[in-house]
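*Asks:* Here it is, the structure in full.
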Amino acid sequence: MSARANILARIRTRQGKAVTPRAAEQDKVAQFIAEHPQSPRPYVDADLVARFRDRALNLTTSVEDIASLQDLPAAVARYLTEKQLPKTAVCWPDYAMLDWAGQGLQVEGRPACDTDLVGITGAFCALAETGTLMMCSGRDTPATTSLLPETHIAVVSKSRIVAGMEDAWVLLRRDIGTMPRAVNFISGPSRTADIEQTVTLGAHGPYRVHVLLIP
Amino acid sequence: MHFKARVGEKLADVKLQSALKKLQGNFVKGRADRITELDNFHEIRDAAAAIRDRTLANLDVYLDTFERNAKARGTVVHWAETHDDVNRIVREIAAQHGVRKVIKSKSMVTEECALNDALIDAGLEVVETDLGEYILQLAQEPPSHIVAPVVHKTRDEVSDLFAEKHNAPRLTDIPALCREAREKLRPHFLSADMGVSGANFVIAETGSTLIVTNEGNGRLVTTLPKVHVAITGIEKVVATLEDVTTLLRLLPRHGTGQSITNYISVTTGARREGDSDGPEHFHVILVDAGRTKLLGGDMQEMLRCIRCGACMNHCPVYQSVGGHAYGWVYPGPMGSVLTPTYVGLQNAGDLPNAATLCGQCHVACPVKIPLPELLRKLREQQFELKLKPWFEMYALRAWGWLAQHSWLYSMTTRLQARLLKSAADDRGMIRSLPFAGGWTDRRDLPAPEGRTFRELYRAASKNG
Ligand code: SF4
């Protein structure tokens, strides 16, 4: 018998069940998954944007409001100057057409590689409960842009800030339908506390995460 | 495995003791603070236990569902009955794809299997990328905590180790040490052809695997190499995205005292048409290796465990001796339950007794595992299997007989109480007792007043 058959049979024998599952068992599981009910959730303030901002700041993510996507290059230029960071970056293809050069920036719309120091992305949505960004990988939303560079700048639309992760799954089922290859929830810059439990920012991912909120 | 033999050495280790103090401060206080963010914490905790019980009750059907949905997205699903099977499967996958370098993110299952050794023996280069695990790989030591593997090491020791192994100037500042490790490891991420990770959960609904990390190494391991292998225990399956969401509210809070970990990465299948990143091949290995032995009996509740580490952080015994004293992969109360069931009660020595049964672990456990209850059951099994030292067996049997004979019991205890009283010094303390040095070597025993509880009770009821 295969390892699979052995393990499944062992499970059933240990639990005192007949060797093959009855249809009723399978139906019960299938029905539960089809319904995917939510369990009790914690209270999250009604002002989702304020809650997101507060929690994000707590995670050492910086947050700034801009009036529209057209203002993105100027806001990025300001941020990079203030932090004394290089003026070159990579971005998701959607943002490649913005007027970066007009702000003295050199920005390429391609996936990030090891030498890129700044990555500019959007987000699928954001979670107010924890100040978290949700990223779904795909053709136009490469995962490396938010991962390899030392600085990650993310554009988030306020209308895409939802209360909690349950609401993000609702959006995902509605907007994408199936699971993308990678869904990443990002909550601030990467960190480690492995040495003497001292929290240090910038372990293997970005050292800083900057969120620009658009309406 | 001799827990008792290691304890003395650990208690005398000054560096270890100072390292363990910090753990209590950060993780214990962190959990207490973070659970207050959940106004309905107790409801959420009840739901979490129910979510774990849901899949355990129909484990085979949920695993089958997971497999079907994972396969539909191009994932190759393997089943491993033993630790050796895991090592063999990983070696086969490596050979199949011509792999030479393997990068790993933290996985306790692979610690169970001693996978690194098996891969190195097969001629592969293996690099641990979690900072803590990387330090341990350099030092050639096993982890001492399931969440903070290197909690037993001080910064000074890490400085020495890096200076020696990296052949570089000795840095002492913690951020500088982290930067040094980042720069050493980045080239490995970029050049490895296989990434091995664990999975905190696998999701039946979508056929996905999920890992939580803070460092981002887990994302790199599951994104950059052309092959990704996720290895996890069969008990880690949850039904739906909603169910896993509830567990994710508790895991980081109980693990590291965070509301959420920096990264939660859910991966489903290999790279898709048009994707610019992600592995070309995605394998999942579902591991039994003793887990089914816990099903269907007294111990099934143990399989709810989400490996948060809260039980060890809150355990006065773990806090005093650290993880290495427990002798195998899993320390603390959860380890004292898991190790005897995985490796056999006869090989686990005194582990079921390595707890005071104070109950803190049960209170702290996010999925309400009655750890003291399970330890007590293991002690009973030890007694039944005659695995206790002979004098303990006889003493317990004699006590059992005595307790069943009321008049004899009352006479013996009366005699004892009087005797003990007469052995006391002028402070009412007993400094040493024959055959009970363990009680009196390091402290004095307060002597009884002279009359037994039953005598006092009888006198009080007469007067009352
Ligand atoms: S037994 Fe409970 S407290 Fe201990 S690691 Fe498992 S889930 Fe956490």
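The values are calculated or read from the model by the stated rules, or taken from the named source; none is laboratory data. What you see is a predicted model, and the numbers here were worked out from it, not measured in a lab. For neighbour counting, all protein chains shown are included, and Cβ atoms are generated from backbone atoms with ideal geometry for every residue, glycine included. Heads up: the accessible areas ignore ligands, DNA and RNA and are worked out on the full protein's heavy atoms, side chains in. Shrake-Rupley method; radii C 1.70, N 1.55, O 1.52, S 1.80 Å.
*Asks:* Which three lengths, in whole Å and largest first, does chain A cover when its Cα atoms are put on their principal axes?
*Replies:* 71, 40, 40
*Asks:* For residue B:77, list long-range residues whose amide hydrogen, built 1.01 Å from N in the peptide plane, is under 5 Å from its own amide hydrogen.
*Replies:* Correct list: B:284.
*Asks:* Calculate the all-directions average of the projected area of chain B's alpha-carbon convex hull, and give it in nm². All intermediate terms of the calculation are to be shown ahead of the outcome.
*Replies:* Details: hull surface 110.8 nm².
Its Cα hull, projected and averaged over all orientations, spans 27.7 nm².
*Asks:* Rounded to the nearest whole Å², what accessible area per residue is found for region A:83-215 with the 1.4 Å probe? Don't jump to the answer; show the numbers that get you there.
*Replies:* Numbers: 4240 Å² over 133 residues.
Using a 1.4 Å probe on heavy atoms only, each residue of region A:83-215 averages 32 Å².
*Asks:* Please give me, ordered by residue number, the trypsin sites (Lys or Arg not before Pro) of region A:107-215 that lie in loop per DSSP and have at most 14 other Cβ atoms within 10 Å.
*Replies:* Taking region A:107-215 and a limit of 14 other Cβ atoms within 10 Å, the loop trypsin sites (Lys or Arg not before Pro) found are A:139.
*Asks:* Which positions within region B:168-183 get 30 Å² or more of their accessible surface covered by the other protein chains, compared to the chain by itself, with a 1.4 angstrom probe?
*Replies:* The answer is B:174, B:178, B:179, B:182.
*Asks:* Between Rg and the Kirkwood Rh of the protein assembly as shown, both from Cα atoms, what is the Rg to Rh ratio?
*Replies:* Numbers: Rg = 27.9 Å, Rh = 27.1 Å.
Rg/Rh: 1.03.
*Asks:* A further question follows. Once you measure Cβ to Cβ distances between cysteines in the protein assembly as shown, which Cys have no partner under 4.7 Å?
*Replies:* Result for the protein assembly as shown is A:91, A:113, A:125, A:136, B:113, B:178, B:305, B:308, B:315, B:358, B:365, no neighbouring Cys Cβ within the cutoff.
*Asks:* Can you give the percent of C-alpha pairs in region B:295-384 whose distance is more than 18 Å?
*Replies:* On the way: 1385 of 4005 pairs.
I get 35 percent for the Cα pairs in region B:295-384 exceeding 18 Å.
*Asks:* Over region B:38-289, what lengths in whole Å, largest first, do the semi-axes of the equivalent ellipsoid take, defined as the square roots of 5 times the eigenvalues of the alpha-carbon gyration tensor? Display every interim value, and only then the final one.
*Replies:* Values: eigenvalues 175, 110, 53 Å².
Whole-Å semi-axes of the equivalent ellipsoid: 30, 23, 16.
*Asks:* Would you mind checking the tilt of helix A:23-35 against the longest principal axis of the Cα atoms of chain A, expressed as 0 to 90 degrees and rounded to 10?
*Replies:* 20
*Asks:* Going by amide H atoms built from the backbone, whose H comes under 5 Å of the H on residue B:231, apart from near neighbours?
*Replies:* Here the answer is B:197, B:198, B:199, B:285, since their amide H atoms fall under 5 Å of that of residue B:231.
*Asks:* Could you let me know the centre-to-centre spacing of region A:43-87 and region B:146-174, using Cα atoms, in angstrom?
*Replies:* Comparing the Cα centres of region A:43-87 and region B:146-174, I get a distance of 35 Å.
*Asks:* For the pairing of chain A with chain B, what total accessible surface becomes buried, with a 1.4 angstrom probe, in square angstrom to the nearest 100?
*Replies:* Rounded to the nearest hundred, the buried surface is 7500 Å².
*Asks:* Oh, and also: Provide a whole-number value for the mean count of partner chain Cβ atoms within 10 Å of the Cβ atoms in peptide B:274-283.
*Replies:* 5
*Asks:* Next question, about the same structure. May I ask you to find the residues of region A:1-26 that are shielded by at least 50 Å² of accessible area once the whole protein assembly is considered instead of their isolated chain (probe 1.4 Å)?
*Replies:* A:4, A:7, A:8, A:10, A:11, A:14, A:15
*Asks:* Taking a 28 Å limit on the Cα-Cα distance, which of the listed pairs B:388/B:421; B:106/B:165; A:28/B:368; A:158/B:236; B:106/B:386 fall beyond it?
*Replies:* Pairs exceeding the cut-off: B:388/B:421; A:158/B:236; B:106/B:386.
*Asks:* Sticking with this one: With a 1.4 Å probe and all protein chains kept in place, how much accessible area does residue B:71 have, in Å² rounded to the nearest 10?
*Replies:* Solvent-accessible area, nearest 10 Å²: 110 Å².
*Asks:* To continue, here is another question. Which of the peptides B:448-460, B:431-443 is most tightly packed, and how do the rest follow, going by the mean number of other Cβ atoms within 10 Å of each residue?
*Replies:* Peptide ranking by packing, descending: B:448-460, B:431-443.
*Asks:* Leaving out ligands, DNA and RNA but keeping every protein chain, what accessible area does residue A:113 have, in Å² rounded to the nearest 10, with a 1.4 Å probe?
*Replies:* Rounded to the nearest 10, that gives 60 Å².
*Asks:* At 1.4 Å probe size, with every protein chain present, just tell me what the per residue accessible area of chain B comes to in Å².
*Replies:* Result: 41 Å² per residue.
*Asks:* Next question. Would you work out which of B:159, B:283, B:86 lies farthest towards the positive end of the dipole of the protein assembly as shown, given +1 charges on the beta-carbon of Lys and Arg and -1 on that of Asp and Glu, about the Cα centre?
*Replies:* In the protein assembly as shown, that residue is B:86.
*Asks:* Any idea how far apart residue B:170 and residue B:381 come out in nm if each label point goes 7 Å out from Cα toward Cβ?
*Replies:* Going from the residue B:170 label point to the residue B:381 one covers 4.8 nm.
*Asks:* Here's a follow-up. With +1 on each Lys and Arg Cβ and -1 on each Asp and Glu Cβ, how big is the dipole of the protein assembly as shown about its Cα centre, in debye rounded to the nearest 20?
*Replies:* Computed about the Cα centre, the dipole is about 2160 debye.
*Asks:* If you roll a 1.4 Å probe over chain B with all protein chains in place, what percent of the accessible area is carbon or sulfur? Walk me through the intermediate numbers first.
*Replies:* Details: 10140 of 19080 Å².
C and S atoms contribute 53 percent here.
*Asks:* In whole angstrom, note down how far apart the Cα centers of region B:175-205 and region B:84-105 are.
*Replies:* Answer, in whole Å: 16.
*Asks:* Rounded if a/c is under 1.5, else prolate if a/b is larger than b/c, else oblate: which is region B:211-297, with a ≥ b ≥ c the root eigenvalues of its Cα gyration tensor? Show your work: numbers first, answer last.
*Replies:* Values: a/c = 2.04, a/b = 1.25, b/c = 1.63.
It is oblate, given that a/c is not under 1.5 and a/b is not larger than b/c.
*Asks:* A follow-up question, please. With unit charges on the beta carbon (Lys/Arg positive, Asp/Glu negative), name the residue among A:213, B:456, A:79 whose Cα is farthest towards the positive pole of the charge dipole of the protein assembly as shown.
*Replies:* So the residue furthest toward the plus end is B:456.
*Asks:* I'd like the Karplus ³J(HN,Hα) series for region B:367-372: coefficients 6.51, -1.76, 1.60, θ = phi - 60°, whole numbers in Hz, and an x wherever there's a Gly or Pro.
*Replies:* Values, residue by residue: 10, 6, 6, x, 4, x Hz.
*Asks:* Residue B:139: net charge of surrounding residues, Cβ under 12 Å, Lys/Arg +1, Asp/Glu -1, itself excluded?
*Replies:* Values: positive: B:153, B:165; negative: B:128, B:133, B:141, B:157, B:160, B:164.
Summing Lys/Arg as +1 and Asp/Glu as -1 gives -4.
*Asks:* If one computes the Cα centroid of region B:288-355 and of region B:29-48, what distance in Å separates the two points?
*Replies:* Computed from Cα coordinates, the inter-centre distance equals 24 Å.
*Asks:* At a Förster distance of 56 Å, what's the computed FRET efficiency of residue A:5 paired with residue A:67, Cβ-Cβ distance as r, to 0.05?
*Replies:* The pair residue A:5/residue A:67 has a calculated efficiency of 0.35.
*Asks:* For n ≥ 4 DSSP H runs only, could you compute -39500 (n - 2.57) per run for chain B, divide by its residues and tell me the 222 nm figure to the nearest 500?
*Replies:* When only DSSP H runs of four or more count, the value is -15000 deg cm²/dmol.
*Asks:* Determine by what factor the alpha-carbon radius of gyration of region B:390-463 differs from 2.2 N^0.38 Å, reporting the quotient.
*Replies:* Dividing the Cα radius of gyration by 2.2 N^0.38 Å gives 1.28.
*Asks:* What is the sum of charges around residue B:373, taking Lys and Arg as +1, Asp and Glu as -1, for the other residues whose C-beta is under 9 Å from the C-beta of residue B:373?
*Replies:* 0
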